[in-house]
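Asks: Handing you this structure, nothing more for now.
The values are calculated or read from the model by the stated rules, or taken from the named source; none is laboratory data. What you see is a predicted model; the values in this text were computed from it and never measured. Using ideal geometry, Cβ is built from the backbone for each residue, glycine included, and neighbour counts are taken over all protein chains shown.
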Amino acid sequence: MRRPKTGLGRGLHRARAGRAAVHGQVSGPEPAAEAPLFEFDPAAEGSGLPDAPDPLAPAEESPWGPPPVIEVRSLIKTYGHGDAAVHALSGEEDPVTGAPAGIDLVVEQGDFVAVMGSSGSGKSTLMNILGCLDVPTVGRYLLDGIDVGGLDEHQLSLVRNRKIGFVFQSFNLVPRVPARAQVELPLAYAGVKTAERRRRAEAALTLVGLADRMDHRPNQLSGGQQQRVAVARALVTAPAMLLADEPTGNLDSHSTEEVLAIVDRLNASGRTVVLITHEDEVARHAKRVLRLVDGRVVSDVRQAPVDGPPPAIAATVPAQRQALTGGAGS
Ligand SMILES: Nc1ncnc2c1ncn2[C@@H]1O[C@H](COP(=O)(O)OP(=O)(O)O)[C@@H](O)[C@H]1O
Ligand SMILES: [Mg+2]
């Protein structure tokens, strides 16, 4: 085993031993990114999380540091069979056998990765697998040290709730529900008590600049504000990773900048971000840019170090320093 001490085996053991006490949505046979991620179940309110050992706790620190947030090995996704098979993700061909070798991808904690590629290149397929909304045909996926291939549907829904904050192009807010309650939903689903989830939802909405819009419903908010509610909902559970599919695809340039500035700040404070986009302007914000063509990763370019600020924030630092030193330079 490559990383013998990540607690992976133990994690799986716990996963099997864990009690099923939280009601959650179980995805159907063809999970889609647009499906509702959380179902509000009033009966689950205040039920609390199981007090058995947490099957989804992060793997313990190994001598090599924390596990990557994403570790994908030899990943292949094929839709259909035989002549009708579509190889949505296949990786490079083995030079000897010609067989697809699959995609390898490691994303470290704190990275900010943009996944680019033209329509049909496999971006959404990759997003659905990374988001545990779909499973690979071949290969392994370790999310925050957990081998998600070993989890059942219920455990996968827990992983989605606890490990991933989703942001979609179309916001996916619940109609007629005020912003505060939207952001409380994933906490309600996780069994967090009323007062605590209200406190956390308000903190998250304040973080995205919507402290004065807590009681507004989606139809009372601009597109940019709706997406900021969605970002607050994504981050309120303190997930291991923010996973965003074209989050600015429906926004004007001003709202795009507002939302990206929030994502920049979240990443600067340590949150791992994986963002799908076809816009160069958006990809410029990432520390690393992957390009997909026909289910293969054709380039993987680092724009900024994992352990530093993302490019847009790094660019503002010299300006601030100059302002502080009165432009004298130092
Ligand atoms: N459910 C599906 N059934 C069959 N083929 C699919 C399905 N989903 C995606 N594909 C095919 O897989 C390839 C990659 O699709 P997708 O991941 O949606 O690309 P992108 O998001 O980059 O536009 C495309 O050829 C697409 O037609
Ligand atoms: Mg797509």
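Asks: So which residues in region 118-135 are away from ligand 2 (no atom under 16 Å from the Cβ) and at pLDDT below 95?
Replies: Listed by number, the list holds a single entry, Val135.
Asks: In addition: Residue by residue through region 137-189, note down the ones that are of a type in the set (Lys, Arg), under 23 Å from Val72 (Cβ atoms) and more than 15 Å from the chain's Cα centre (by Cα). Before the answer, list the steps.
Replies: Filtering region 137-189 down to residues of a type in the set (Lys, Arg) leaves 140, 160, 162-163, 176, 180.
When the remaining residues are screened for being under 23 Å from Val72 (Cβ atoms), the result is 140, 160, 162-163.
Answer for region 137-189, where residues must be of a type in the set (Lys, Arg), under 23 Å from Val72 (Cβ atoms) and more than 15 Å from the chain's Cα centre (by Cα): just Arg140.
Asks: Checking Asp104 against (1) at pLDDT 95 or above; (2) crowded, with 20+ Cβ neighbours inside 10 Å, only one condition comes out false. Which one?
Replies: That leaves (2) as the condition not met.
Asks: Output the qualifying pairs, or none if there are none: Cβ atoms under 6 angstrom, residues six or more apart or on different chains, first residue in region 278-303 and under 14 Å from Pro247 (Cα atoms), second residue within 12 Å of ligand 1 (Cβ to nearest atom) and of a type outside the set (D, E, K, R).
Replies: Within 6 Å, the pairs are Ala283/Met116; Ala283/Thr277.
Asks: How about region 76-102: which of its residues are among the β-branched types (Val, Ile, Thr), assigned to a strand (DSSP E or B) and either free of Cβ contacts under 8 Å to residues at least 12 places away in the same chain or within 16 Å of ligand 2 (Cβ to nearest atom) (or both)?
Replies: Val86
Asks: While we're on this one: Picking from Glu184, Glu202, which residue would you name as being farther than 17 Å from Gln227 by Cβ and crowded, with 23+ Cβ neighbours inside 10 Å?
Replies: Going through Glu184, Glu202 in turn, just one is farther than 17 Å from Gln227 by Cβ and crowded, with 23+ Cβ neighbours inside 10 Å: Glu184.
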